[in-house]
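Remarks on the structure that follows.
The values are calculated or read from the model by the stated rules, or taken from the named source; none is laboratory data. Computed from a prediction, not measured in an experiment: that's the story for all the values here. Virtual Cβ from ideal backbone geometry, glycine too; neighbours counted across all protein chains shown.
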């Protein structure tokens, strides 16, 4: 099995701040279905959109995220599947699409 990170993106930070109880239940049901298959490696976390810094070359530190950014990364989880196609199929069932979000799926490359 390989590991894949599912990175959740939203078009605006407001969508990530306060989900409705129904939205939370849908998310928990989706996550529970992955856990029930024993394919959840890391339940991940929600990432702050209001408290962030960017460190650039030369140790320059700037505030972020920036208002001109089109999408915000709102969180992630890590799953284990046979291949990326299976991870993509898992992602397709996530309720984030109902609020205009998207999910980026990437393989986790382990360093020995």
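The criterion of at least 1 residues that are modelled with pLDDT under 85 and out of contact with any helix residue (DSSP H, G or I) (no Cβ under 7 Å at 6 or more places or on another chain) is met by the following helices (runs of 4 or more DSSP H) wholly inside region 13-112: 14-17. Scanning region 35-61 for residues that are closer than 21 Å to residue 108 by Cβ and more than 13 Å from the chain's Cα centre (by Cα) yields a count of 6.
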